Structures are given as structure tokens and as C-alpha cells.
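Inspection log for the structure reproduced underneath, given as C-alpha cells.
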């Protein structure tokens, strides 16, 4: 086992655990923000695992690069949707709030 293999495994495990962390929050709140983050981290874990299992794989290959781009795109979509929903709500005067 090389150091690179060990680092890919540790990164994949960390991404998987981060996904489980956000899944727990999604189960509690049902906020789609946490579901997007869960999907992104699990996609990154699958990406790192595939990089190690596919012979002659390189991070520079377009297929692997696009998977990483999709994972980061999910994070951006989650942030965008979270901020968009907050902005779409009309603000109520303090006297009308309960």
C-alpha cells in the first residue's frame, strides 16, 4: 500500500462521514440544503474510490474531473437555493410578526 492509496482512502472515508453528518441534519429538518451537501460529499467519496480502483486512472482525465465539478456544483446550487428562498420571502413589519 502506497501513501497515495492511503490518502485516497482517508479522503474517501472523510467525505463519506461528512455526508452522513449532513444526512442526519436533513433527516431532522428536511431542509434540501443538507440533502445537496450529502449528495456532494458522497459523490466525492465515490470519486476518490473510483480513482483508486480504476487502473491507470488520473485526476486529469475529463471523466474524473467532471465528477468533481458536479460535486462542487451541487454545493453551489445548495447555497444558491438557500439564499434564494430567504430573499423570496416578503419581509413583514415588526407589528405583524408573531
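The values are calculated or read from the model by the stated rules, or taken from the named source; none is laboratory data. Note that the coordinates shown come from a computational prediction; the quantities given were computed from them, not determined experimentally. We place every Cβ from the backbone using ideal geometry, glycine too, and count neighbours over all the protein chains shown.
The set of residues in segment 20-33 being under 15 Å from residue 76 (Cβ atoms) and surrounded by 15 or more Cβ atoms within 10 Å (Cβ to Cβ) consists of 33 alone.
Within segment 51-65, being closer than 16 Å to residue 1 by Cα and touching a helix residue (DSSP H, G or I) at 6+ places or on another chain (Cβ under 8 Å) holds for 51, 52. Go through the residues of segment 25-43 one by one and say whether even a single one is in contact with a helix residue (DSSP H, G or I) (Cβ under 7 Å, 6 or more places away or on another chain) and over 19 Å from residue 82 (Cα atoms). Checking segment 25-43: at least one residue is in contact with a helix residue (DSSP H, G or I) (Cβ under 7 Å, 6 or more places away or on another chain) and over 19 Å from residue 82 (Cα atoms). In the set (1) at pLDDT below 90; (2) surrounded by fewer than 14 Cβ atoms within 10 Å (Cβ to Cβ), the condition left unmet by residue 69 is number (1). Of the residues making up segment 22-46, those that are under 11 Å from the mean Cα position of the chain (by Cα) and farther than 19 Å from residue 67 by Cα are 22, 23, 33, 34. In segment 47-60 there is no residue that is surrounded by fewer than 17 Cβ atoms within 10 Å (Cβ to Cβ), under 15 Å from the mean Cα position of the chain (by Cα) and not in a helix (DSSP H, G or I).
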